[in-house]
Structure formats: structure tokens, C-alpha cells
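Participant: Here it is, the structure in full.
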Amino acid sequence: MKPPPSSLEPLRDAIDDIDLAILRLLEQRLAIAEQIAQVKEEQSEKLPLTDLQREQQIIERLQTATKDELLREEIPALYQHLMEMSKRIRLRLRQITPLPPQD
């Protein structure tokens, strides 16, 4: 077992680096979610923007992937929040992005 660090600063720096990495990954995830929304809108059958079955599959896959029991319990709340945030951002983008002219 490692001795406790003499300073919290290196640990806080590590957390800051991880937070920034998470932020960049969230930005990538949101950009891809927007692309998915665009593809769904272009589909002739107008697929719904929300796919609850897919959302549940994501949560279950991630719960299976972690070895951390406490994290496994928190994944549904975390990812439901993340998916709701993504939907809110997509809706806001729709409000500020002008629609192409209709012929």
C-alpha cells in the first residue's frame, strides 16, 4: 500500500486533467449525437429523436463493463442525465439554427 501523499495538489491536478478529458469526450459525444439526430430527421420514416430501448441498452452495457459495484449503481442516473442533457442541447440547437427554405 502506498503512503499517503504529502500534498493534495498533485491529486487535485490529476482530477483537473481527468475533468478536462471528460469534458472533451462529452463534446465529442454531443457532436455525434447531433449527427445521429440529423440522420434521423433525413430518414423518410422520420425516426423519433429518442430511442428508449437504445438508451437502456447503453446503460446495461456500461453497468456490465464496470467492475466497480458502487459505480454500477450510479450509471443509470449518470447516463439518464447525460442523455437528457444531450436532448436539451439538440432542442436548443434547433431553435437557433435556421431551417432551410421550403420550395
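A short reminder: the numbers here are calculations on the coordinates, not readings from a lab. Only a predicted model underlies this, so the values are computations on that prediction, with no experimental measurement involved. No Cβ is skipped: glycine too gets one built from the backbone with ideal geometry, and neighbour counts run over all protein chains shown.
Participant: Just give me the residues in the stretch 44-66 being polar (S, T, N, Q) and under 17 Å from Arg90 (Cα atoms), in sequence order.
Facilitator: Listed by number, the list holds a single entry, Thr50.
Participant: Would it be correct to say that Gln57 is closer than 18 Å to Glu74 by Cα and without any contact (Cβ under 8 Å) to a residue 24 or more places away in the chain?
Facilitator: Yes: the conditions hold for Gln57.
Participant: Restricting attention to the stretch 89-99, which residues are loosely packed, with under 10 Cβ neighbours inside 10 Å and not polar (S, T, N, Q)?
Facilitator: Those that are loosely packed, with under 10 Cβ neighbours inside 10 Å and not polar (S, T, N, Q): Ile96, Pro98, Leu99.
Participant: Based on what the data block shows, is Leu71 in a helix (DSSP H, G or I), of a type outside the set (Phe, Trp, Tyr) and in contact with a helix residue (DSSP H, G or I) (Cβ under 9 Å, 6 or more places away or on another chain)?
Facilitator: yes
Participant: Given Glu41, Glu45, which one is part of a helix (DSSP H, G or I) and not polar (S, T, N, Q)?
Facilitator: Unique residue meeting the criteria: Glu41.
Condition check ((1) surrounded by 13 or more Cβ atoms within 10 Å (Cβ to Cβ); (2) hydroxyl-bearing (Ser, Thr, Tyr); (3) within 18 Å of Glu27 (Cβ to Cβ); (4) in contact with a strand residue (DSSP E or B) (Cβ under 9 Å, 6 or more places away or on another chain)) across all residues:
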| site | (1), (2), (3), (4) |
| --- | --- |
| Lys46 | no, no, no, no |
| Asp51 | yes, no, no, no |
| Glu55 | yes, no, no, no |
| Arg61 | no, no, no, no |
| Thr64 | no, yes, no, no |
| Tyr79 | yes, yes, yes, no |
| Met83 | yes, no, yes, no |
| Ser86 | yes, yes, yes, no |
